[in-house]
1. Between residues in region 79-92 that are in contact (Cβ under 8 Å) with a residue 60 or more places away in the chain and within 16 Å of ligand 2 (Cβ to nearest atom) and residues that are in a loop (DSSP other than H, G, I, E, B) and among the aromatic types (Phe, Trp, Tyr), which pairs lie under 8 Å by C-beta distance while being six or more apart or on different chains?
2. With the requirement that a residue be open to solvent by less than 20 Å² (accessible area, probe 1.4 Å) and either over 23 Å from residue 188 (Cα atoms) or assigned to a helix (DSSP H, G or I) (or both), what does region 110-124 give you?
3. With the checklist (1) modelled with pLDDT of 95 or more; (2) away from ligand 2 (no atom under 16 Å from the Cβ) in hand, flag the one item residue 2 doesn't pass.
4. Just wondering, is there one or more residues in region 320-340 that are in contact with a Cys (Cβ under 6 Å, 6 or more places away or on another chain) and either in a loop (DSSP other than H, G, I, E, B) or within 15 Å of residue 280 (Cα to Cα) (or both)?
5. Please give the strands (runs of 3 or more DSSP E) falling wholly within region 6-102 in which 1 or more residues are among the charged types (D, E, K, R) and in contact with a strand residue (DSSP E or B) (Cβ under 9 Å, 6 or more places away or on another chain).
6. If we keep just the residues of region 152-172 that are without any contact (Cβ under 8 Å) to a residue 40 or more places away in the chain and assigned to a loop (DSSP other than H, G, I, E, B), which is nearest to residue 8 (Cα to Cα)?
7. Residues 127, 149: which one is free of Cβ contacts under 8 Å to residues at least 12 places away in the same chain and not in a loop (DSSP other than H, G, I, E, B)?
8. Could you pull out the residue among 215, 198 that is among the aromatic types (Phe, Trp, Tyr) and either under 32 Å from the mean Cα position of the chain (by Cα) or loosely packed, with under 14 Cβ neighbours inside 10 Å (or both)?
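The values are calculated or read from the model by the stated rules, or taken from the named source; none is laboratory data. If you're wondering where the values come from, they're calculated on a predicted model, not measured in any experiment. Here the Cβ positions follow ideal geometry from the backbone for every residue, glycine too, while neighbour counts run over all protein chains shown. Accessible surface areas use protein heavy atoms only, side chains included; no ligands, DNA or RNA. Shrake-Rupley method; radii C 1.70, N 1.55, O 1.52, S 1.80 Å.
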Amino acid sequence: MTSTPVPHTAIIVVAAGSGTRLAGGAPKAFVGIDSHSILRHCLDGVFAAAPAQVIVVAPAGFEGDAESELRTAAGDRADLGRVVTGGATRQQSVAAGLAALWADVDTVLVHDAARALTPPALFDAVVEAVGADAGAIPALPVVDTLKRVDGDLVVAPVDRAELAAAQTPQGFPRALLETAYARAAEAGLEYTDDAALFAAAGHAVHRIPGSERGFKITTPADLERARHLLAPPAVARSPRIGIGTDVHAFGGEGDLWLAGLEWPGEQALSGHSDGDAVAHAIVDALLGAAGLGDIGEHFGTAHPEYAGAHADVFLARTREILAEAGYAIGNVSVQFQGNRPKFSPRRTEAQAVLSRQLGAPVSVTATTTDALGFAGRGEGIAVTAVALVFETECGR
Ligand code: CTP
Ligand code: MG
């Protein structure tokens, strides 16, 4: 033993199940949440609580794996830990754990390894709540509206105020728990949890508030939830802002193209491409934000392939240029000044088209200029765009 005094509390971590519902390719306790297994996360919590004897009940054949998880999680408390082999049912696994208790232990907590994210404070709170002849369990209020059913038929409502959802660790006075276990084994009775077995022996069980993080990883969706909770918060990467403007005169051939849409019957804008000044201002704002040059450099007259091209081609290529340089688009806001076309009836449509092409939100507003300037005289359209971009992981 180390200099640590022998604890009077033990925590039995049952980890011997196969995890059929999770179907994780290994016994559930050894399935990874992130780089660490369910068992390792569970034991990290156990060893962060007040010192206790820790008994890990492992599936047959996995005792060595459990041992190394135990040793890593325990650190300098390794002397408090021990691995035993589990049984065919959870109850038998707990019984195997009980058989390994030290003589000095008077309070026993039983904990599902599958409740991997249970906060350490909950272990201490349960130990505190165990009475001389009463058990204690954490439980959460039931939030769903419950029905008693018979097959497909809803038979009756159930008052959820009378119910609570039981979690682990469940704590008990050692001697009474051992007797209750011996009696259940003799009678050949199986219980779904230790509190039910303990109560069946005629003892009281009290409840304390449970923890949302104490949920049991049972299905793949539960594993996803655990992964999500452990994922590091998204690091805010340096944002960069850019501005772009464009002006085109009316007088092009055919129909107007503006904001990624064709406007039949409206006078066309002139230009090297389709004259879509909204799209061009967006391109400059994006390239400017990323410090990647401007529209003339990437799409100008030196690039005849863009003659007559529409917004989809410009925006898709710009998005590609940014992605190759390690930038993701945050959002774009663009405004054009002009008397025509009347924009608001097609704003939603234009925003949807441009947003889809950039893979980021684009908002478009329009205004007249009170008859002032070239836009006010109806000679052309002036556009201003601002764009926000972010460096991505693959960027610099
Ligand atoms: N357990 C155990 N021994 C068993 C069965 C279950 O130690 N024979 C443990 C599990 O490892 C788990 C806890 O009891 O930590 C709760 O059981 P459950 O969530 O049902 O786990 P599994 O039985 O492994 O899963 P499944 O029922 O989907 O097979
Ligand atoms: Mg099970």
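1. Close Cβ pairs (under 8 Å, with a partner that is in a loop (DSSP other than H, G, I, E, B) and among the aromatic types (Phe, Trp, Tyr)) amount to 91/191.
2. Result: 113, 114, 116, 117, 118, 122, 123.
3. (1)
4. Keep residues of region 320-340 that are in contact with a Cys (Cβ under 6 Å, 6 or more places away or on another chain), which gives 326.
Now narrow it down to the ones that are either in a loop (DSSP other than H, G, I, E, B) or within 15 Å of residue 280 (Cα to Cα) (or both): 326.
Scanning region 320-340, I find at least one residue that is in contact with a Cys (Cβ under 6 Å, 6 or more places away or on another chain) and either in a loop (DSSP other than H, G, I, E, B) or within 15 Å of residue 280 (Cα to Cα) (or both), so the answer is yes.
5. 81-85
6. Ranking the qualifying residues of region 152-172, first place goes to 163.
7. Details: 127 fails: free of Cβ contacts under 8 Å to residues at least 12 places away in the same chain.
It is 149.
8. On inspection, the qualifying residue turns out to be 215.
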